[in-house]
Structures are given as structure tokens and as C-alpha cells.
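First the structure, in the form of C-alpha cells, and then the observations on it.
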Amino acid sequence: MPRDWEPDPSLSSPEPPSRVEHPPPTRAERVLALLEVLICSDYPTQLALGTTIAALGYGPASASGLSFTYVVFVSLADTVLLLALIAMFLVIRGERPSDLLLGNRRVASEVRAGASLALVALALGVTILLVIQLVAPSLHDVPTNPLQGLIRTPRDAMVFGVVVVLAGGVREEIQRAFLLHRFERWLGGGAVGVLTTSLLFGAGHRIQGIDAAIATGLLGAFWGAIYLRRRSVVAPIVSHSGFNLLQLAQFLALAR
């Protein structure tokens, strides 16, 4: 009888890589991660930009209300500054930005997923606002979104579309991924990170009303959960950008 064939162990498929186990973080690592989170929370960078611009004699108000030029400049400048800080902190720790931002997902498939999730985000946002209107209508304390008054011409709409994609979709989702990574690794876990970043995200939209702050906070949790599930910022960026553009299109249609 011939001997049964036995596969060469060297030709067998390798075991899937196990998740890397990190040692418990030290107090110094936690403090450093917390400082990075605070610096990249958006509040210090916007405060620094606002103070600098004010020192040069420019302010957020114009004769007709909120200054369009001021909002556009601060939003785009803050995007550049914040992304530069995130890149710097990643490089200092020896982390590759591509690992954090793209993972091992195909970009094309993430774009398709994000396009579908933009509609899900829009439906979620509308549902949240409708529920708030039914349960606690007093939370709608800002009758008109002050940002809507910035758009007066087709050119304004085009410029604002660029802003909501770059400063909204791109900046905020890269920022969210960075903060979630810091929480997951050093500051209590992904769930704590989603809760904290969502509260910050909602608080940053308080100018639009309490109901809008609640809705944007919950949407932030939605996009944060997508990132933790997929480990790529592409789908959240496309979803968030698409959501913002759909909102802008809705406003323009109602304005007409």
C-alpha cells in the first residue's frame, strides 16, 4: 500500500494573524494621549485661529450678520492645522497614517459603502429631529440655522459646498478616527471614545440649536461606529460629505 500523502507544512496556508496585544498603558502614556486628544479636539485650534484673526482686526461678524469670508477662512485654515497636528502626533509615536486612516480596505468598495451610508445618515438625522420635535419641541431653540444666512449667491453655495466636504467630511472624520484610536489604545476603549467624541461633536454645533446639537452628536456616534467596524475613514468621509451636500441641496431647494 502506498503511503498516504501528507501536505508539506511549508505550503499550507498561514494562520490568520492574531490581534496584537499591547502592554497596559503607563500613566505617562495616558497623560500624553489625553493631551493629544485635547489639542486635536478642535477647540484649541479654532480658539488660536480666532484670536490671531481678531488681533489682525478681523472678526466673525459683518454688517449683515455672520461673515461668510470669516467662516470659510477659519474652517479651511483649521482643517489644515488640525490635519497637520494629527500627522505630527502619529509620526512622533512611530505610527503610519495609512494604517490608521485606510486599514486594509479597498478604497473603491469603501466609497460605494459610504455613498449608501450617506442616505442612511440623512434618514437618521431627519428621524432624530422629528422625534425631538414631537417629544421636546422646546429644544428647537434656534428658529433659523445661522449658517444658512451665509449663502446668498450661487458662488456662495459652491464655496460652501467645498467647505462642508473638506472641513466637515474630511477633517472631522480623520479627526474622529485619530481620537477614537487614542481612546481605544490608551484612554478607556472605543466605546468611551465614541461617547466622548460624539458629545464634543454635538457641542460644536450648539450654535444651530439644542436639537441640532443632539442630532449631530448622534450622527457622530453613527460615523464613529462605522469607523470602528471598518477601520477605514473612507466610508465615513463619503457618508459625512454626502450628508452635508444633501443638506445643502435641500436648503437651496427650499430657498428657491
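The values are calculated or read from the model by the stated rules, or taken from the named source; none is laboratory data. Only a predicted model underlies this, so the values are computations on that prediction, with no experimental measurement involved. No Cβ is skipped: glycine too gets one built from the backbone with ideal geometry, and neighbour counts run over all protein chains shown.
Laid out as a table, the results:
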quantity: Single match in Arg112, Arg93, Arg105 (criterion: of a type in the set (D, E, K, R), within 23 Å of the chain's Cα centre (by Cα), farther than 29 Å from Val37 by Cα and surrounded by 12 or more Cβ atoms within 10 Å (Cβ to Cβ)); calculated: Arg112
quantity: Condition broken by Val126, with the remaining ones in (1) under 20 Å from the mean Cα position of the chain (by Cα); (2) farther than 21 Å from Gln250 by Cβ satisfied; calculated: (2)
quantity: Candidate set: the stretch 148-160, residues that are closer than 22 Å to Ile210 by Cα and in contact with a helix residue (DSSP H, G or I) (Cβ under 7 Å, 6 or more places away or on another chain); chosen: the one surrounded by the most Cβ atoms within 10 Å (Cβ to Cβ); calculated: Leu150
quantity: Inter-residue pairs, beta-carbon under 7 Å, first in contact (Cβ under 8 Å) with a residue 12 or more places away in the chain and of a type in the set (S, T, N, Q) and in the stretch 145-156, second in a helix (DSSP H, G or I) and surrounded by 13 or more Cβ atoms within 10 Å (Cβ to Cβ), 6+ apart; calculated: Asn145/Gln208; Gln148/Phe251
quantity: Meets criteria (part of a helix (DSSP H, G or I) and in contact with a strand residue (DSSP E or B) (Cβ under 7 Å, 6 or more places away or on another chain)) for Gly168; calculated: no
quantity: Residue, nearest to the chain's Cα centre (by Cα), within the stretch 204-256, restricted to residues that are aliphatic (A, V, I, L, M) and within 21 Å of Pro154 (Cβ to Cβ); calculated: Leu245
quantity: For Ser41: the one exception among (1) surrounded by fewer than 14 Cβ atoms within 10 Å (Cβ to Cβ); (2) of a type outside the set (Val, Ile, Thr); (3) under 22 Å from the mean Cα position of the chain (by Cα); calculated: (1)
quantity: Residue list for the stretch 213-256, restricted to those being crowded, with 22+ Cβ neighbours inside 10 Å and part of a loop (DSSP other than H, G, I, E, B); calculated: Ser232, Val233
quantity: Test: residue in the stretch 94-103 that is in contact with a Lys or Arg (Cβ under 8 Å, 6 or more places away or on another chain) and modelled with pLDDT of 95 or more; calculated: no
quantity: Val192, sole failed condition from (1) closer than 21 Å to Leu246 by Cβ; (2) touching a helix residue (DSSP H, G or I) at 6+ places or on another chain (Cβ under 9 Å); (3) of a type outside the set (Lys, Arg); (4) surrounded by fewer than 17 Cβ atoms within 10 Å (Cβ to Cβ); calculated: (1)
quantity: Criterion: at pLDDT below 95 and of a type in the set (Phe, Trp, Tyr) - qualifying residue of Phe178, Phe201, Phe183; calculated: Phe201
quantity: Condition broken by Val131, with the remaining ones in (1) under 20 Å from Ser41 (Cβ atoms); (2) out of contact with any His (no Cβ under 6 Å at 6 or more places or on another chain); (3) modelled with pLDDT of 95 or more satisfied; calculated: (1)
quantity: Filter pass, Phe251 being within 16 Å of Leu147 (Cβ to Cβ) and aromatic (Phe, Trp, Tyr); calculated: yes
quantity: Test set (1) under 18 Å from the mean Cα position of the chain (by Cα); (2) surrounded by fewer than 12 Cβ atoms within 10 Å (Cβ to Cβ); (3) more than 25 Å from Arg182 (Cβ to Cβ); (4) among the polar types (S, T, N, Q) - Thr144 fails condition number; calculated: (1)
